[in-house]
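The values are calculated or read from the model by the stated rules, or taken from the named source; none is laboratory data. These numbers come from a predicted model, not from an experiment. Positions of Cβ are backbone-derived with ideal geometry, glycine not excepted, and every protein chain shown enters the neighbour counts. Accessible surface areas use protein heavy atoms only, side chains included; no ligands, DNA or RNA. Shrake-Rupley method; radii C 1.70, N 1.55, O 1.52, S 1.80 Å.
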Amino acid sequence: MVTRTEHTGIEHRATFCRICEPLCGMVATVEDGKLVSLRPDKDHPLSAGFACQKGIAFTEIVNDPDRITTPMRRTPDGFEPVSWDEAMSDIADRLSRVLRSHGPGAVGWYMGNPGAFSYAHVMAIMAFIKGIGPGTHFFTASSQDTNCRLMASQLLYGTPTSVPIPDLTRTDLLVMMGANPVVSHGSFLTAPRIKDRMHDIVKRGGRVVVIDPRKTETAAQFEWCGIVPDTDALLLLSLLQVMFAEGIAHTREIDAVADGSAWLRAQVAPFTPEVTQSHTGIDPDTVRGLARDLAATPRAAVYGRLGTCVGRYGTLTSYLIDVVDLVAGNLDVPGGSVIVGQGMPAQRLVNIGMGAALRRTYRRQRSRIGGFRAIIGSEPAALMAKEMTTPGHRQIKAMFVSAGNPVLSVPNGDELESALDSVDLTVGLDFYLNETMAHCDYVLPVTTMYERDDFALVFQQFQATPFRQVTEAVIAPVGQARQEWEIIGELIGRMADHSRVFAGMTAAGKVLRRLGKPFTPRAFADIVIRTSTGGDWFGLRRGGLSHWRLAREHPHGAVLSPHLRTGALKEAIAYLRGRIQLTHEDIAAEIATLLKQEQPDAYPLRMIGMREPRSENSWMHNAPLLMRGDRGHHGLMNADDAADLQIGDGSEVRVSSPYGSITVPVTLTKDIMPGVIAVPHGWGHKGTGGWTLANKAGGANVNRLTSSDPDDVESLAGMAWLTGVPVRAEKV
Ligand SMILES: Nc1nc2c(c(=O)[nH]1)N[C@H]1C(S)=C(S)[C@@H](COP(=O)(O)OP(=O)(O)OC[C@H]3O[C@@H](n4cnc5c(=O)[nH]c(N)nc54)[C@H](O)[C@@H]3O)O[C@H]1N2
Ligand SMILES: Nc1nc2c(c(=O)[nH]1)N[C@H]1C(S)=C(S)[C@@H](COP(=O)(O)OP(=O)(O)OC[C@H]3O[C@@H](n4cnc5c(=O)[nH]c(N)nc54)[C@H](O)[C@@H]3O)O[C@H]1N2
Ligand code: SF4
Ligand SMILES: [Mo]
C-alpha cells in the first residue's frame, strides 16, 4: 500500500522488516525514490506499532556510504570496481575451468542467516546446486543454529520439516530453555511483540520459567532457573525419569501416537534428579516440581532455542524437549507444543514423500571430512575450511558465500581466512565488504530487503498466530545492486554449456520470456499462498488469498485464524505408519556418553554466548544509531569468580580455550552461574576497506575459542560446538 503526502515526492509504503524472525510491520518513507525513514506499522495486526532499534536503524544500512553498490574485484591492495559483465564473464570462465578439471564436487556454497529471509535467494541457490551436479558442497548458518532441531524432528516425525512451536497465545506454563526472546525477539517462533505475549501468560495466571546459565533480560522478567551450560539433556532426562517413576506420565496419550515408550522408559530410568544434580546444578526438588507442573498443567509447553542447540548434544536435547512435551501430555494440544502444518492438499502424502527423500539423503550423503551425514542436504560449516584445504577428490576449488560472514560466525575463523585465500575462485554476494568478503576474488553487490519483493516462506510454519504478508520492493535497487536470484540466474545462463540442468533452465527461461511471462520467483510464492491455509485454491475457495490479493487488499498482512490448529499431528508425521518413532540407537549412543564428559583441568570455566539488542550477528555494527554511546565488545563474568582471579569490573581479560585465545573487557555481575563467562559473537571487525564504524569498534572474534576439529562437531546433525566451551580467564 502506498499513501502519498501533499508533497508529491514523498510516499509511505507498508512493508515488513526481515532482520529477525517476528517480521515486524514497517512503514517506509520514500522521498524521490530514496528511503528516508522507517517507522513501526501501527496497522500491522500483530506487531501493532512495535519495531526494535535494529529495524528502525535499517535506513542507515540501506544508505550506508560503506555499502558496496558496484561489483568489486580483489587486487593485491584492496578492491576495485568492475562492470557486471566483466565480473560475471570472468566468474563463469573460472568456474567452468574448475568444473572441467575437478567436477561438481569442487564447488561449494555457504548461505548465511539473512538468506533464509528471502525465498527467492534460497530457491536460486537450490537451482544452482542442482545444476552444478552431484557432490557439490552446501553449507548454511544452520549448522551453527538449527540443524539439530531439524534432525530431532527427522528422528521423531520422519521429516526435518515438522517442528513444533509453543502455542504461545494459549499456554499457561511456558518453560524456555536456552532462549532469550526479550533480546532476540524469538527464534523458530515468529511472534511479534513476543515479550508482551509472555507477559500475557502471567496475566492470565500462568508462569514462564527460563532455564539459562545467565539471568538474562528474559529471565529477569520471569522465573529464572540457572543451569550449568551444556547439561540440558540431563535435566530433560531427569524430568522424564520423574514423570515415569511417579506415574504421572501420560501413558495413554503416548501410546496413542508413538512407538517405543518402553524403550524410552528404560533409557531415562538411571537419570534420577539426584544423579543429574551434580552436572546441571539444579536441585532435585526443583526438578520434581517442574516435572509435576508440566504433567499436571493441561496447557504447558517446553521450548528450546539456541542455547539448547549449540552444545555438544543439540540433537539429543532437541529430541528430549519434544519427548518431555509428549510424555507430559502437551504435544499437539491447545496451549502445548504444536506442529503447524501448511494446510496444503494431501499434506500427509507430501510429508511422506519429502521425509523419505530427506532421510535417504541423510543416510547416503556424507561429508568428505569427518563423514557427517547431510541434514536437509547440508554439511557442517565448521568443516568448510578443511573441505577447501584437504587434498583429494571433492576438494573445494570454487567457493561462493552469500549473506554470510563465516570468518566471524563459524569456529576457527583464522583457518577459514587462509582456506579462502587458497582456493581458485571465491565469490561473495553481499552489500558489505565484511571479514569474509575481504577474502573473495569478486564481491557482487546485492539489494537490501527493501529493494526486493518478498514473502517470508521459511517462517510461515513457525507463526504463533497464523498470518500472511507479502511486500513489494519499496525502493529500486541502489546503484548497480541486483537480487541474488537475478545474479545466480545470469550465472546459470552463462554456464548453460556445462550442465543439462542449466541448459534446460536457460531454455525454459527463454521460452517464458518470449511468451511475455518472464520467470520470477514470485510465481512460486503465489502457488504456496494459494494452496496453503487461507489460500484461494486458484478460484476454488471464494475470498481466499493469492499473492495479488494479499498485496492489494492486505498491505499490513492478514491473520488467518486467531489460534494454531491442533489435533492434526498425524498429518505432520512422515513415517508411513503415521506414528512418532521414539526408539533410535543414535539417541541411545548419545545418552550413553552424557555422564562421561569431563572438563579439562586447565580450563575450569565455561563460555556461553550473549546476543545484544543493538547487534544482529556480525552485521549491524556500522549503523551510527546502533553504535551511539560508548558501545563496544565486552564479556560478562561472575563477580565471585572474578574476585578469585583478581579481575576487576571493566578490566581486560585474556580468555583461552584449548583452541585459541582472545582478549576482551569484562563486566562483572551476580546474574550468571558461577564458573560461566558470556561473550557475544559477531565482533572483531577488520574488514578490508569495509566497515568504517564497525572496524573502529574493534572487539574480538569469540569463535577463535571454538573448535573446527571434526571430533568436536556434534555427531548427528553436524552442529558447531558454541556453548559450554571450556575456557580459562586471566587478567592482562
Ligand atoms: N560463538 C557464536 N557463534 C555464532 C553464534 C553464537 O551464538 N555464538 N550464532 C550463530 C548463528 S545462530 C547464526 S544464524 C550465525 C550467523 O552467521 P552468518 O550468517 O554467517 O553471519 P552474519 O553475521 O549473519 O552475516 C550476514 C551477512 O549477510 C549480509 N546480508 C544482510 N542481508 C543480506 C541480503 O539480503 N542478501 C545478502 N546477500 N547479504 C545480506 C550482511 O551484510 C552480512 O555481511 O552465526 C552463528 N555463530
Ligand atoms: N538482537 C538480536 N536479535 C537476534 C540476533 C542477534 O544477533 N541480535 N540473532 C538472531 C538469530 S541468528 C538467532 S538464531 C536468534 C536466537 O534466538 P535465542 O535463542 O532466543 O537467542 P540467544 O540470545 O542466542 O539465546 C540463547 C540463550 O541460551 C543461553 N544458553 C547458553 N548456553 C546454554 C545452555 O547450555 N543451556 C541453556 N539452557 N541455555 C544456554 C544463553 O545464555 C542465552 O540466553 O536470535 C535472533 N535475533
Ligand atoms: S524485532 Fe526483528 S523484525 Fe522486528 S523490527 Fe526488530 S529487527 Fe526487525
Ligand atoms: Mo541464527
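Overview of results
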{"read-out": "Residue tally, condition in a loop (DSSP other than H, G, I, E, B) and under 21 Å from the mean Cα position of the chain (by Cα), over the stretch 214-234", "value": "5"}
{"read-out": "Residue match in the stretch 410-432 (condition: at pLDDT 95 or above, farther than 22 Å from Ala120 by Cα and within 16 Å of ligand 4 (Cβ to nearest atom))", "value": "yes"}
{"read-out": "Pairs where the first residue, in the stretch 13-24, is farther than 18 Å from Ala464 by Cβ and the second is within 6 Å of ligand 3 (Cβ to nearest atom) and open to solvent by less than 10 Å² (accessible area, probe 1.4 Å), C-beta under 9 Å, 6+ apart", "value": "Ile19/Lys54; Ile19/Gly55"}
{"read-out": "Asp230 touching a residue at least 40 places away in the same chain (Cβ under 8 Å) and at positive phi", "value": "yes"}
{"read-out": "Candidate set: the stretch 669-725, residues that are open to solvent by 10 Å² or more (accessible area, probe 1.4 Å), in a helix (DSSP H, G or I) and aliphatic (A, V, I, L, M); chosen: the one nearest to ligand 2 (Cβ to nearest atom)", "value": "Ala697"}
{"read-out": "Check on Val287, free of Cβ contacts under 8 Å to residues at least 60 places away in the same chain, under 15 Å from Ile587 (Cα atoms) and not charged (D, E, K, R)", "value": "no"}
{"read-out": "Selected residue (only one of Gly479, Gly489 is surrounded by fewer than 18 Cβ atoms within 10 Å (Cβ to Cβ), touching a residue at least 60 places away in the same chain (Cβ under 8 Å) and not hydroxyl-bearing (Ser, Thr, Tyr))", "value": "Gly479"}
{"read-out": "Qualifying position, being within 25 Å of Ile375 (Cβ to Cβ) and away from ligand 1 (no atom under 16 Å from the Cβ), among Pro192, Pro114, Pro104", "value": "Pro104"}
{"read-out": "Number of the exception - Leu189 against (1) within 16 Å of ligand 4 (Cβ to nearest atom); (2) open to solvent by 10 Å² or more (accessible area, probe 1.4 Å)", "value": "(2)"}
{"read-out": "Strands (runs of 3 or more DSSP E) enclosed by the stretch 1-95 - at least 1 residues per element that are open to solvent by less than 60 Å² (accessible area, probe 1.4 Å) and touching a Cys at 6+ places or on another chain (Cβ under 6 Å)", "value": "25-31"}
{"read-out": "Selection count, the stretch 335-350, where residues are under 22 Å from the mean Cα position of the chain (by Cα) and at pLDDT below 95", "value": "3"}
{"read-out": "Matching entry among Leu645, Leu716, Leu722 (being closer than 25 Å to Arg631 by Cβ and either in contact (Cβ under 8 Å) with a residue 60 or more places away in the chain or not hydrophobic (A, V, I, L, M, F, W, C) (or both))", "value": "Leu722"}
{"read-out": "Residue ranges of helices (runs of 4 or more DSSP H) in the stretch 243-323 with at least 2 members of a type in the set (Asp, Glu)", "value": "251-257, 284-296"}
{"read-out": "Count of the stretch 119-141 residues which are surrounded by fewer than 23 Cβ atoms within 10 Å (Cβ to Cβ) and either within 16 Å of ligand 2 (Cβ to nearest atom) or over 30 Å from Lys397 (Cβ atoms) (or both)", "value": "1"}
{"read-out": "Residues satisfying the stated conditions in the stretch 207-223, i.e. within 19 Å of Ile677 (Cβ to Cβ) and of a type in the set (D, E, K, R)", "value": "Asp212, Arg214, Lys215, Glu217"}
{"read-out": "Count of residues meeting criterion [of a type in the set (Ser, Thr, Tyr) and buried (at least 24 other Cβ atoms within 10 Å of the Cβ)] in the stretch 218-246", "value": "1"}
{"read-out": "Positions within the stretch 636-663 being closer than 17 Å to Asn412 by Cα and open to solvent by less than 30 Å² (accessible area, probe 1.4 Å), in sequence order", "value": "Val655, Ser656, Ser657, Gly660, Ile662"}
{"read-out": "Number of the condition not met by Arg214 [criteria: (1) open to solvent by 60 Å² or more (accessible area, probe 1.4 Å); (2) of a type outside the set (S, T, N, Q); (3) within 12 Å of ligand 2 (Cβ to nearest atom)]", "value": "(1)"}
{"read-out": "Meets criteria (crowded, with 17+ Cβ neighbours inside 10 Å and touching an Asp or Glu at 6+ places or on another chain (Cβ under 8 Å)) for Ala623", "value": "yes"}
{"read-out": "The stretch 100-120 residues that are assigned by TED's automatic domain parsing to the domain that holds His498 and within 23 Å of Ala382 (Cα to Cα), paired with ones that are of a type in the set (Asp, Glu) and buried (at least 21 other Cβ atoms within 10 Å of the Cβ) (beta carbon under 7 Å, 6 or more apart)", "value": "Gly108/Glu387"}
{"read-out": "Count of the stretch 326-343 residues which are more than 19 Å from Pro562 (Cα to Cα) and in a loop (DSSP other than H, G, I, E, B)", "value": "3"}
{"read-out": "Every residue from the stretch 155-171 that is open to solvent by 10 Å² or more (accessible area, probe 1.4 Å) and either assigned to a helix (DSSP H, G or I) or in contact with a helix residue (DSSP H, G or I) (Cβ under 7 Å, 6 or more places away or on another chain) (or both)", "value": "Leu155, Thr161, Pro164, Thr169"}
{"read-out": "So Glu652, is it touching a residue at least 60 places away in the same chain (Cβ under 8 Å) and either over 29 Å from Tyr319 (Cβ atoms) or not assigned by TED's automatic domain parsing to the domain that holds Ser402 (or both)", "value": "yes"}
{"read-out": "Selection from the stretch 291-302 of residues that are crowded, with 24+ Cβ neighbours inside 10 Å and either polar (S, T, N, Q) or within 16 Å of ligand 2 (Cβ to nearest atom) (or both)", "value": "Leu294, Ala301, Val302"}
